[in-house]
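Computed from the coordinates by the stated procedures, all read-outs in this text should not be read as laboratory data. Since we're looking at a predicted model, the values are computed, not measured. Ideal geometry is used to build each Cβ from the backbone, glycine not excepted, and the neighbour counts take in all protein chains shown.
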Amino acid sequence: MQGGAVLVQYRDKTSTAIERLRQATDLTYLCRDAGVPLLINDDPELAKRVGAAGVHLGQDDVALESARDLLGPDAVIGITCHHRLDLAETAKAGGANYLAFGRFYTSTTKPGAPSADVSVLTEARSLALPVTAIGGITADNAEPLIRAGADLVAVVGGLFGGTPEQIEHNARRFTRLFASHHPLSHFSTDRS
């Protein structure tokens, strides 16, 4: 967050429910103090329990409508659309706040995810929702995705690893990339 993150997602597929609750609770407080929304990956119930800003859902997770009913009209809900605009159109019609596409590069987080062409980011701009690029993104390969229309990039390996100073440095590199390609824009989850 000190490096300029505008959104944080908690994604943990291996910890126990108790550990996830503790970690998500701690992150909720940290994000609130920093003024950065926290989303919980794949788990609307955990998002509700810790008071997170919202949830990110994959295509095989809880239905968007169910998450919206549980979390309320002000929750931020993002949907992974892989490489398909039809999924993005359905997500928009269902009330999603942002759309995620990818994987664009080889990903250790989701190695089996279908690949996406950068053109989907440009095409998705017509849906008038924020567009996120996911999958194997680093500060060295993010620029073409941002130029193509990504408002956000979801990064794990391209950000974390190393000392806190290195993580902040990596985050600042992403922040500079966005500033140079979208100098007057800001991320908003407003659906109006």
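In table form, for the structure just shown:
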{"item": "Hits among lysines - C-alpha to C-alpha of residue 48 under 24 Å, sequence gap 8 or more where chains match", "result": "13, 92"}
{"item": "Under 18 Å from residue 110, Cα to Cα: aspartates and glutamates that are on another chain or at least 8 residues apart", "result": "12, 42, 43, 60, 61"}
{"item": "Mean ellipticity per residue at 222 nm, deg cm²/dmol - from DSSP H runs of n ≥ 4 across the chain, formula -39500 (n - 2.57)", "result": "-11000 deg cm²/dmol"}
{"item": "Calculated P(r) tail over 23 Å for the range 81-187, as whole % of Cα pairs", "result": "26"}
{"item": "Relative contact order of the range 1-74, defined on C-alpha pairs under 8 angstrom at six or more residues apart (%)", "result": "27"}
{"item": "The range 75-162: chymotrypsin sites (Phe, Trp or Tyr not before Pro) in DSSP loop, at most 14 other beta carbons within 10 Å", "result": "160"}
{"item": "Using distinct alpha-carbon pairs, which all enter the 1/r mean, Kirkwood radius of the range 1-74 in Å", "result": "12.5"}
{"item": "Descending semi-axes in whole angstrom, ellipsoid equivalent of the range 1-147, from the Cα gyration tensor", "result": "24, 18, 15"}
